[in-house]
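Input: a single structure, listed below in structure tokens.
Throughout, read-outs are computed from the coordinates displayed, never taken from laboratory work. Everything numeric in this text was worked out from a predicted model, so none of it was measured. Here Cβ is always computed from backbone atoms with ideal geometry, including for glycine, and neighbour counts include all displayed protein chains.
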Amino acid sequence: MARAMFEPVFKEIFPFWSEISEQDKEYICKHTLAMTYPKGSNIHGGDVCSGVIFIRSGTLRVYIMSESGKDITLYRLHAGDICVLSASCVLDSITFDVFVDAEENSECYVIGPNAFAEVSERNDNIKIFTLETAVGRFSDVMWVMQQILFMSMDKRVAIFLLDEISRTKSEVIPLTHEQIAKYIGSAREVVSRMLKYFEGERLVELSRRGVKVLDKNRLRELTL
């Protein structure tokens, strides 16, 4: 029953699926759970090995946290994405703590860490896939670090707003200033001042609904 439920999806998302044995396919499906996470819930935290997460719907936020409690968003995962950094027991080279929260009500398939790690030991194709997926995400992480270290705040906020309206296909971004600050690794007060400045320049409009982009072209000029 588990295989009939999960295998059609795994065939689509795992390029190695046709290369592994029937026993391993059965084993992975048997140790997979369909999970629903409410908005705001923590899915993975610290050095716990939670397994490989496939997002069916919703959005997850992957971040790191300092000892003082300040967090920096590394990237966000949406429907169709796979989270492998939550499976530290599969990727031995992951030596830092990563946290994953549900940014929206999210439905996921979670492959048990021990099962995925055990099957990986028998299949080099799975190891290669896992490593390539992780490396792809590290490109996102380096982009975040580049913004934090080298970009001015107006450019960082402009990039975030343009990325959001491109992703959601909506000119209204229903996020608080604090949420935006978390996503770009800054303080709420700094983001609020920048958004107020943008509002004064008629680039955006601020309201209880969030941030409405009024002038995409001028925002885009700030990113150049």
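What to note about this one:
- Using just its DSSP H runs of length 4 or more, each adding -39500 (n - 2.57), the chain gives a mean residue ellipticity at 222 nm of -14500 deg cm²/dmol after division by all residues.
- Restricting the trypsin sites (Lys or Arg not before Pro) of the stretch 11-89 to loop positions (DSSP other than H, G, I, E, B) with no more than 11 neighbouring Cβ atoms within 10 Å leaves Lys70.
- Restriction of the GluC sites (Glu not before Pro) in the stretch 134-224 to DSSP coil positions whose beta-carbon has at most 16 other beta-carbons within 10 angstrom yields Glu171, Glu201.
- Ignoring lysines fewer than eight residues from Lys212 along the same chain, the ones with Cα atoms less than 18 angstrom from its Cα are Lys155, Lys169, Lys196.
- Residue list for the stretch 8-24, given a label point 7 angstrom along the Cα-to-Cβ vector of Arg122 and an amide N cut-off under 17 Å: 16-24
- Filtered trypsin sites (Lys or Arg not before Pro), the stretch 118-224: DSSP coil and at most 11 other beta carbons within 10 Å: Lys169, Arg202, Arg208, Arg209
- Cα gyration tensor, the stretch 166-224 - rounded (a/c under 1.5), prolate or oblate: rounded
- Calculated FRET efficiency for the pair Phe96/Glu26, C-beta based, R₀ 30 Å, to 0.05: 0.35
- Note on Val135 and Ser68: the extension gain reaches 21.3 nm, defined as 0.36 nm multiplied by sequence separation minus the Cα-Cα distance.
- Listed residues Leu149, Leu203, Leu77, most fluctuating in the chain (Gaussian network, C-alpha, under 10 Å): Leu149
- Extension gain, Met145-Lys216: 0.36 nm per intervening residue step, less the Cα-Cα distance, totals 23.1 nm.
- Across Ile126, Ile55, Ile13, mean-square fluctuation computed from a Gaussian network of the chain (C-alpha pairs under 10 Å connected) peaks at Ile13.
- Overall form of the stretch 28-125 per C-alpha gyration tensor (a/c, 1.5; a/b vs b/c): oblate
- Helix screen, the chain: DSSP H segments with Cα axial length of 30 Å or more and mean Kyte-Doolittle hydropathy at least 0.0 are 124-150.
- Gain on full stretching of the segment that runs from Ser192 to His78 - 0.36 nm per residue minus C-alpha separation: 38.4 nm
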